[in-house]
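Beneath this line is the structure, given in structure tokens, with notes to follow.
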Amino acid sequence: MNLESERIYLRKLEELDAPIMLANTTDEEIRYMTGTKHNFTLEQIQAHIYNINNDPSRYDFAICLKDDDQMIGELSISDIDEENKKAGFRITMNSIKLTGKGYGTEALKIVLRFVFEELNLNRLELEVFSHNLRGIRAYEKAGFVKEGVLRESLYYGGTYSDEIIMAIIKKDYKKM
């Protein structure tokens with residue numbers, strides 16, 4: 001299956017992506033949106049990439065621009081449960097400057113096609129924090145539905161945020 005759209009393509013994460021991913025973890029707004037509290041080293045990220053690329057229960061991709069091959073984000077289809085035909089999902093852009101340009105929406109469309117048509121799963125689910133309004137809108141636009149709320153599950157910067165559970169199922173994807 002071709003994992004690309006008009007402006008972007010998805011490719012397997014590589015160890016060479018580790019410095020870009022490390023820089024992403026230092027962006028304070030990205031850290032807040034994703035609830036990231038831990039600081040990482042380059043070696044930890046390299047080990048993470050090695051481990052995920054050898055884990056058959058997941059697919060991890062770099063999001064890249066077609067015009068210059070720049071990696072602008074990354075995403076994961078994780079915890080693939082073949083028996084129940086479901087998986088988890090997360091996506092992040094490398095900086096806030098890259099949000100609001102439709103790249104995440106394009107990546108979501110590629111992923112949904114891959115999950116429902118290639119992997120033949122029935123459900124894709126995610127968690128998003130209530131303060132990430134841009135992310136919530138993007139997920140809703142892609143067809144995800146709010147299914148539940150874990151109230152005040154993140155304490156970050158002196159305030160609590162809810163964790164919103166969202167999912168899209170195959171029959172809803174087919175309607176779009």
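What follows is calculated from the coordinates using simple rules that are stated; it is not laboratory data. All of these numbers come straight from a predicted model, not from anything done at the bench. Virtual Cβ from ideal backbone geometry, glycine too; neighbours counted across all protein chains shown.
Observations on the structure shown:
- Selection count where residues are in a helix (DSSP H, G or I), in contact with a strand residue (DSSP E or B) (Cβ under 8 Å, 6 or more places away or on another chain) and of a type in the set (A, V, I, L, M, F, W, C), scope the stretch 120-147: 1
- Search result, residues across the stretch 16-59 that are over 28 Å from T105 (Cβ atoms) and surrounded by 16 or more Cβ atoms within 10 Å (Cβ to Cβ): Q46
- For the stretch 76-96, the candidate set comprises residues that are under 15 Å from L22 (Cα atoms) and assigned to a strand (DSSP E or B); within that set, the residue that is farthest from the chain's Cα centre (by Cα) is M93.
- Residue in the stretch 100-111 that is surrounded by fewer than 19 Cβ atoms within 10 Å (Cβ to Cβ), at negative phi and not in a helix (DSSP H, G or I) present: yes
- With respect to the stated conditions, E117 fails to be in contact (Cβ under 8 Å) with a residue 24 or more places away in the chain, charged (D, E, K, R), surrounded by 18 or more Cβ atoms within 10 Å (Cβ to Cβ) and part of a helix (DSSP H, G or I).
- For the stretch 60-99, a residue qualifies if it is loosely packed, with under 14 Cβ neighbours inside 10 Å and touching a residue at least 40 places away in the same chain (Cβ under 8 Å), and the qualifying residues are K66, D67.
- Scan the stretch 8-41 for residues that are assigned to a loop (DSSP other than H, G, I, E, B) and small (G, A, S) and the total you get is 1.
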